[in-house]
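Take a look at the structure set out below.
The values are calculated or read from the model by the stated rules, or taken from the named source; none is laboratory data. It should be emphasised that the depicted structure is a prediction, and the values quoted were computed from it without experimental measurement. Ligands, DNA and RNA are excluded from the accessible area calculation, which covers all protein heavy atoms including side chains. Shrake-Rupley method; radii C 1.70, N 1.55, O 1.52, S 1.80 Å.
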Amino acid sequence: MLKLLFRQRTLSSIMPKQSATMSGLQCLATENIWFDKQRYDEAERRFYEGVNGPSSPQQQSSSHAGGDQELVSRMKSLELENQTLHKVVQEMRAALQKLESRVLILEKSPVAAAVPCAKAAPVQAAPVKQVKVENGDDDDDDIDLFGSDDDDEEAARIKQERVDAYAAKKAKKPALIAKSSILLDVKPWDDETDMAQLEQCVRSVQMDGLLWGASKLVPVGYGIKKLQINCVVEDDKVGTDILEEEITKFEDFVQSVDVAAFNKI
């Protein structure tokens with residue numbers, strides 16, 4: 001309706017004075033060109049904006065709300081991805097520590113010492129008799145160029161006595177027992193695991209050459225604590241693989257066992 005009124009006013013302004021009495025419907029019937037359409041469209045837009053109120057602030061607020069919601073969703077996805085990567089890094093670090101400890105064990109494992117051979121006592125050379133050579137063919141039978149058999153027997157007896165004394169001395173000397181100090185990290189399944197019961201299970205592992213030491217609880221994260229316990233083992237009797245296998249048998253409490261430190265004593 002407003003557009004029709006604007007058209008009528010425009011036509012009345014551009015028509016000749018002699019046709020001023022022409023009705024608006026007749027002007028519309030004879031109209032072929034609309035010169036001021038842009039002005040009418042702008043006036044119509046302003047009219048509807050005045051009736052309905054400005055829509056641009058609402059659109060801006062809705063666009064801002066949509067942008068904030070998208071930003072929050074992206075932040076949540078990034079946090080979830082960060083947690084996943086953190087968990088993967090922890091698992092890789094634990095596997096690397098386990099591998100390093102095993103390599104360290106292999107490098108420091110004692111090589112079976114060969115039984116030392118008895119040092120052979122130096123053979124005492126038989127004294128060579130100095131023979132006084134005198135002129136005359138009758139004295140040739142008295143010359144002994146290689147010594148007597150009695151001297152060889154005496155040297156063999158001395159040698160045997162020294163060998164027996166060395167063997168007796170080695171037998172009395174106590175054999176050196178190779179020992180190692182191992183620090184284990186025993187991890188539970190979650191924060192609800194009874195750590196006191198878990199420690200009792202670990203200490204219940206008993207074998208020849210194993211001695212348990214001090215222990216403590218170390219926070220890991222998210223309310224979870226791991227048991228860090230020390231033990232001394234005899235290298236020839238107890239290995240880290242055996243300890244890990246025996247401790248992980250308590251499946252209700254133990255998730256994994258890692259070697260945190262390994263030192264020779």
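Skip the ligands, DNA and RNA, and give the accessible area per residue of the range 158-265 with a 1.4 Å probe, whole Å².
Spelled out: the 1.4 Å probe surface of the range 158-265, per residue, equals 62 Å².
Round to a whole number: what % of the accessible area of the range 152-260 belongs to carbon and sulfur, probe 1.4 Å?
On the way: 3530 of 6830 Å².
That fraction is 52 percent.
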